[in-house]
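The values are calculated or read from the model by the stated rules, or taken from the named source; none is laboratory data. Owing to the predicted nature of the structure, the values given are computational and were not obtained by experimental measurement. Quick reminder, even Gly has a Cβ in these numbers, built from the backbone with ideal geometry, and neighbours come from all protein chains shown.
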Amino acid sequence: MKSLTKKEEEIMGFFWEKGPLFVKQLLEFYEEPRPHFNTLSTIVRGLEEKGFLGHTAYGNSYQYHPIVSKEEFKRKTLRGIIGKYFNNSFLGVVSAFVEEEDVSVEELKELIRSVEEGKKKD
């Protein structure tokens, strides 16, 4: 999956939250000074080229809709980070959090219990 710029991710957030939108509707979500219509239109078309959005034509206007869900984007982005920075090691990720003391041993034990209980239900 291709990566998104900060602005592209912001715009995708509107689509994920609101559903199908016309570019003109996107403008309403911005405070003054709003971005120019052509700027948003260019970014939206780029998102379509990257495979994140599709469109339905209504005369000369296009209503865009998300093709990639927010959950799929988060999952693939996380996998990309783990691959790039942790050599595809989920253990490496967890170890990094523990070493930085962002996650306590008790929190890890709770996570393990939660995962084990989830697997028992499957």
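Looking only at residues in the stretch 1-39 that are more than 19 Å from His55 (Cα to Cα) and of a type in the set (Phe, Trp, Tyr), the one that is surrounded by the most Cβ atoms within 10 Å (Cβ to Cβ) is Phe29. Counting the residues of the stretch 75-122 that are closer than 26 Å to Lys2 by Cβ, in a helix (DSSP H, G or I) and not β-branched (Val, Ile, Thr) gives 12.
Only one of the listed residues (Glu8, Glu17, Glu71, Glu49) is charged (D, E, K, R) and over 12 Å from the mean Cα position of the chain (by Cα). That residue is Glu49.
One residue alone among Gly92, Gly80 is touching a residue at least 60 places away in the same chain (Cβ under 8 Å) and small (Gly, Ala, Ser), and that residue is Gly80. In the stretch 60-77, the residue that is farthest from Lys50 (Cα to Cα) out of those that are surrounded by 12 or more Cβ atoms within 10 Å (Cβ to Cβ) and of a type in the set (D, E, K, R) is Arg75.
Restricting attention to the stretch 41-70, the residues that are among the basic types (Lys, Arg) and free of Cβ contacts under 8 Å to residues at least 40 places away in the same chain total 1. Any idea which of Gly54, Gly92, Gly80 is surrounded by 10 or more Cβ atoms within 10 Å (Cβ to Cβ) and at pLDDT 95 or above? Only one candidate passes the filter, namely Gly54.
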